[in-house]
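All remarks here apply to the structure that follows.
The values are calculated or read from the model by the stated rules, or taken from the named source; none is laboratory data. Note that the structure is a prediction, hence the values are computed from the model and not measured. For neighbour counting, all protein chains shown are included, and Cβ atoms are generated from backbone atoms with ideal geometry for every residue, glycine included.
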Amino acid sequence: MSPFSLELGEDQLAVRDWLHGFAADVMRPAAAEWDEREETPWPIIQEAAKIGIYSLDFYAQQYFDPSGVGIPVAMEELFWGDAGLGLAIVGTTLAAVAVLANGTDEQIGTWAPQMFGTPDDVKVAAFCSSEPDAGSDVSALRTRAVYDEAKDEWVLNGTKTWATNGGIAAVHVVVATVDPALGARGQASFVVPPATQGLSQGQKFKKHGIRASHTAEVVLDNVRVPGHCLLGGKERLDERLARARERAAGAAKAGSGAGKNAAMATFEASRPAVGAQAIGIARAAYEVALDYAKTRVQFGRPIIDNQGVAFTLADMRTRIDAARLLVWRASWMAANQQPFTAAEGSMSKLYAGETAKWVTAQAMQILGGNGFTREYPVERMHRDSAIYTIFEGTSEIQRLVIARTISGLPIR
Ligand SMILES: Cc1cc2nc3c(=O)[nH]c(=O)nc-3n(C[C@H](O)[C@H](O)[C@H](O)COP(=O)(O)OP(=O)(O)OC[C@H]3O[C@@H](n4cnc5c(N)ncnc54)[C@H](O)[C@@H]3O)c2cc1C
C-alpha cells in the first residue's frame, strides 16, 4: 500500500501538464464549434490518437497507476478542456472497463485494442446497458441472450438506448439477460464484434449538453456472436447462475450476496472517473468566473470586491476541492483493494456531479448577461454539467446506494 500523500509524483505531473496543453490548445478552440455541430468530432479524436492520448496504452498506464489517481487526473484535465469533446475522446473507455471488469485475459487482449483502432484508422466503442424501460432499474433489462449450443453462438435480441457511441462503434459491449427469473443476477455482458449483422443504430438523440458526444439507440435483431464473446466465459457464467438459483430457492436469502451483476461491476469501477470529469467542468467554469469577477467593474469597483460575489467564489473553490478529495480517495481505495464500505465511489460521483451543476450555475450568475450568451463558455459548461447528475447512476441512485451501504438495510 502506498504511504499517504496528496502530492502528485513527477510522472503524474508530466501527464497532467501534457494533457493540459492538449486541452488548452486543441480542445478549447474547437469546443464551441463541435457543440453547435452536434456531431462526433473525428478530427479531434484522431489528433488525440496521433499523440497517444486516445490509445489503449495511455489509459492502461493511467488505470494501473498504483496510487489510483492516474485516471482522475487525466479526466479532470481533458474535461477542463471541454466536456463534449472530452466524452467523445474517453467514451470508449466505458466499454473497455466493461471488458476489463468482466472479461478473461484473452478477451481483454482481443477486444480492447479493437475498441481504439490505430492512429491511422481510429475506432470507438460503446457500452450498452440502458433500455427504454430499464434505466436506473438495471434489473429490468429485457434484451435477451439465448445460447445456441449446436453452433456455440449467442443470439441477442432487444433495444438499447442512450448508448454513448451506439451504432458508430466498432465494438459494442451489450448487457443482456440470460435468465430473466434471476433479475440483475441473471445478466451477462457480450462483445458484439465489428460489422456483426443484425446490430443497427436507432434514433440519435439531440441533447441539452455534451453535444459533441454521440448518444443513440442500438437495435439488436437476431444478432449472433460466437461463444467466446460472452465476457468471462460460459463456465464462469454457469457457476454464477447456479449460485444465484440456489440463493433464489432459499427465498429468505434471495437477492443477497449472489455476486455482482455485469452492468454494476462496470459502473462501480467507473464512478470516481466520471466524478473527475465533472470536476474538470466545474474548475473550468470557476476559473472563468474568477477572472471575470476581478476585471468586471460596476459601481466603480471590480465586482469581486462585493462579498456576495467573493464568497460565492470561495464556496465554488471549496466545493471543487472537496469533490476532488472524494474522487481521489475512492480512486486510491479502488487501486489499493480497499472495499467501498460506505459506497465511497458513489459518494465521489454524487458530490462531484452536484458540484459541477452548482458551480457552473454560479459562474453564469457571476458573468451576468454575458454568462447567458454563447460568447462566453460558461453556459455551455452549465449545459454539459447537467448530465453528471444523470448518467452512470442518477444522484438519487447514488444516494440510494450510499444509504443501503451505510445502513445495511434494503432502503427503496
Ligand atoms: C447523454 C447520455 C449518455 C448515456 N450513456 C450511456 C451509455 O453509454 N451506456 C448506457 O448503458 N447508458 C447510458 N446512459 C443512460 C443513463 O445511465 C440513464 O439515463 C440513467 O441511468 C437514468 O436512467 P433513466 O434515464 O431511464 O431514468 P429513470 O431511471 O427513469 O429515472 C427518472 C428519475 O427517477 C429517479 N428515480 C428512479 N428510481 C428511483 C429510486 N429508486 N429512488 C429515487 N429516485 C429514483 C431518477 O433518479 C430520475 O431522477 C446515458 C444517458 C445519457 C442521457
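Could you list all residues from the stretch 355-404 that are within 15 Å of the ligand (Cβ to nearest atom) and either of a type in the set (V, I, T) or touching a strand residue (DSSP E or B) at 6+ places or on another chain (Cβ under 9 Å) (or both)? Result: I387, T389, I390, F391, T394, I397, V401, I402. Only residues that are loosely packed, with under 15 Cβ neighbours inside 10 Å, touching a residue at least 24 places away in the same chain (Cβ under 8 Å) and farther than 30 Å from A356 by Cβ were counted in the stretch 195-208, giving 2. Once the stretch 209-222 is narrowed to residues that are of a type in the set (A, V, I, L, M) and within 13 Å of the ligand (Cβ to nearest atom), the residue that is surrounded by the fewest Cβ atoms within 10 Å (Cβ to Cβ) is A216. Among the residues examined, V138 does not qualify as of a type outside the set (S, T, Y) and within 20 Å of W111 (Cα to Cα).
Of all residues in the stretch 231-246, none satisfies the criterion of being modelled with pLDDT under 95 and touching a Ser or Thr at 6+ places or on another chain (Cβ under 7 Å).
Residues of the stretch 295-312 that are surrounded by 13 or more Cβ atoms within 10 Å (Cβ to Cβ) and either without any contact (Cβ under 8 Å) to a residue 60 or more places away in the chain or of a type in the set (A, V, I, L, M) (or both): P302, I303, I304, D305, N306, V309, A310, T312. The set of residues in the stretch 133-172 that are surrounded by 18 or more Cβ atoms within 10 Å (Cβ to Cβ) and within 9 Å of the ligand (Cβ to nearest atom) comprises A134, V138, K160, T161, W162, A163, T164, N165, G166. Could you check, for the stretch 356-372, whether at least one of its residues is at pLDDT 95 or above, of a type in the set (S, T, N, Q), assigned to a helix (DSSP H, G or I) and surrounded by fewer than 20 Cβ atoms within 10 Å (Cβ to Cβ)? Within the stretch 356-372 (the criterion being at pLDDT 95 or above, of a type in the set (S, T, N, Q), assigned to a helix (DSSP H, G or I) and surrounded by fewer than 20 Cβ atoms within 10 Å (Cβ to Cβ)), the answer is yes, since at least one residue qualifies. For the stretch 373-412, how many residues are in a helix (DSSP H, G or I) and of a type in the set (V, I, T)? Of the residues in that region, 8 qualify.
Here's the yes/no breakdown for (1) part of a strand (DSSP E or B); (2) in contact (Cβ under 8 Å) with a residue 24 or more places away in the chain:
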position	(1), (2)
Y147	yes, yes
A150	no, no
L156	yes, yes
W162	yes, yes
V174	yes, yes
A188	yes, yes
I210	no, yes
A216	yes, yes
H228	no, yes
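Within the stretch 91-100, restricting attention to residues that are surrounded by 21 or more Cβ atoms within 10 Å (Cβ to Cβ) and not polar (S, T, N, Q), the residue that is farthest from the ligand (Cβ to nearest atom) is V99.
Out of A343, A322, one residue alone is buried (at least 19 other Cβ atoms within 10 Å of the Cβ) and touching a residue at least 24 places away in the same chain (Cβ under 8 Å). It is A343.
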